[in-house]
Amino acid sequence: MARREKVAVVAPCPFFIDRGTPIRIRRLASALSAEFDIHVVAYGQGGDGDFPFTVHRTPRLPLTIKRAGANSAKLCYDPLLFMTLLRVVRRERIRVIDGHLHEGAFLGLMVRLFTGARVIYNAHGTFVPELIATGALKKDSLLVGPLSAFEMGVERRVDRIVAQSVMRKDEFVAKGIPTGKVAVVEDVPELDAFDLPEEQVDRDLERRLRPNGEKLLIYSGGMETYQGVDFLIDAFAQLCRDRNNVRLVLFGRPLEEYRRIIAGLGLTERVVFVDDEPFERLPHYLKICDIGFALRLYGENVPGKLPIYMASGIAVVGTDAKGINTVISHGDTGMLVPPGYVPALTAVILDLLDHPEKAVAIGERGKAEAWRRYDPAEAARELGRVYRELLDSGGSR
């Protein structure tokens, strides 16, 4: 059996936990492990698992990362992540580093100074726009300029960029990055896992979620304002004034503030928080629910939940923001509303609830579009091609 080339994957996050970035890292690392000896280097926080790759962790700190975006815990973990990455790359004689997010790419560039390894920026997020969106940075802060320069510096200095979508590639090229430097890897889970046949649906779960035949709305993902969670809750509260047969499912890692908000609105019995189920259970919830939401308030990439929703066949309502409106065609494969405009969101929900045949048709067309547009096997092949290209070009610059 031929020796597999080694690749380091930088995970600047707890690993493994059931949410965005760690899920993408696990999925890609697992897919590429058939051809490469993958070494994931991550924070000393997260769960173990039966992975087909090796996980190296930093020492664990007495700090907990509870939410996305910049925070003091991540700032403390990153120096440890750099030292762990440097040690692993040197010991394993690794020649390619796949750095997720700007953090991972920057740490890869620092390690390149000592090892000559080639560095990939795996771009499924943004830096300055997300800092602003999550409230970690104000739009008028004096730090916006220096941090934007840092962001551009990372993008220009890495050897390759792996963009999450064609839209992101176009953005990089518009900033002056050579088109040949950017590969598109539209990574999604195996779509058939989200297209459950009727005989596999968890009917006990359905009875618990809608004991009286209620209509079900669902959001999955991080509980953050920039993800449109507050927007959705405001619309749901308005909806509940007129309808008593609708419930909202929030599937992810809810923050306590949202439990307090829901209680303050008197909607505790109308909202189901699901923070104790693994990601693999999400297809059952999507199959049971009637409408799914991707309501990000700013647009710089394609939310990972969007292809998943579409593949399940649920009717999707998204914001008319870049990244979402490049995937959803309004009135055809989903519905779009202006970001943050509660009356429009409420009106769309009511329309779909009052015309279930319309919701079903939109869901079916969305599913067809997801199957046409996304191919997990092709995504893995493209990332493997980038790995091989850098390995074949030598281990040093």
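Miscellaneous remarks
- For the range 26-182: rounded, prolate or oblate by the Cα gyration tensor [a/c cutoff 1.5]: oblate
- The accessible surface of the chain, taken with every protein chain in place and a 1.4 Å probe, is 52 percent carbon and sulfur.
- Cα-based helix-to-principal-axis angle, 356-373 vs the chain, degrees rounded to 10: 10
- Shape analysis of the range 211-348 places it in the rounded category; the axes a ≥ b ≥ c from the Cα gyration tensor give an a/c below 1.5.
- Segment Arg281-Ser30, length gained on full extension (0.36 nm per residue, minus Cα span): 88.4 nm
- For the chain, the solvent-accessible area works out to 43 Å² per residue, with a probe of 1.4 Å and every protein chain left in place.
- Projecting label points 7 angstrom from Cα along Cα→Cβ for Lys322 and Met110 puts them 3.0 nm apart.
- Relative protection proxy for 145-156, 280-291, 7-18, from highest mean packing down: 7-18, 280-291, 145-156 (other beta-carbon atoms within 10 angstrom).
- Hits among lysines - C-alpha to C-alpha of Lys181 under 25 Å, sequence gap 8 or more where chains match: Lys6, Lys169, Lys322
- When +1 charges are put on Lys and Arg Cβ atoms and -1 charges on Asp and Glu Cβ atoms, the dipole computed for the range 176-267 relative to its Cα centre reaches about 520 debye.
- Cα gyration tensor shape for the range 161-219, rounded if a/c is under 1.5, else prolate or oblate: prolate
- Each Cα pair under 8 Å and six or more residues apart adds its sequence gap; the mean of these over the residue count of the range 18-131 is a relative contact order of 18 percent.
- Spatial offset of the range 85-139 relative to the range 357-372 amounts to 37 Å, using the alpha carbon center of each.
- Note, ³J(HN,Hα) from phi for the range 280-294, Karplus 6.51, -1.76, 1.60, rounded to Hz, x at Gly and Pro: 5, 8, 4, x, 5, 5, 5, 5, 7, 7, 9, 9, x, 10, 10
- Candidate lysines - alpha carbon under 20 Å from Lys138, same-chain residues fewer than 8 apart omitted: Lys74
- Given their separation in residues at 0.36 nm each and the Cα-Cα distance between them, Asp195 and Leu80 gain 37.3 nm when the chain is fully extended.
- Protection proxy ranking, peptides 333-340, 171-178, 266-273, 121-128, average beta carbon neighbours within 10 Å, highest first: 121-128, 333-340, 266-273, 171-178
- Options Gly340, Leu250, Asn301, ranked by Cα towards positive dipole end of the chain, top entry (Cβ charges): Asn301
- Counting 0.36 nm for each residue step from Glu92 to Asp392 and taking away their Cα separation leaves a gain of 106.2 nm.
- Among Gly20, Gly318, Gly47, residue whose mean-square fluctuation peaks in a GNM of the chain (springs only between Cα atoms under 10 Å): Gly47
- Assuming charge only on the beta carbon of Lys and Arg (+1) and of Asp and Glu (-1), the dipole of the chain about its Cα centre is about 1500 debye to the nearest 20.
- Estimated from helices alone, the mean residue ellipticity of the chain at 222 nm is -13500 deg cm²/dmol (sum of -39500 (n - 2.57) over DSSP H runs with n ≥ 4, per residue).
The values are calculated or read from the model by the stated rules, or taken from the named source; none is laboratory data. Remember, predicted model here, so these are calculated numbers, not experimental data. A quick note on method: Cβ atoms are made from the backbone with ideal geometry, for glycine too, and the neighbour counts reach across all protein chains shown. Just the protein is used for accessible areas: all its heavy atoms, side chains included, with ligands, DNA and RNA removed. Shrake-Rupley method; radii C 1.70, N 1.55, O 1.52, S 1.80 Å.
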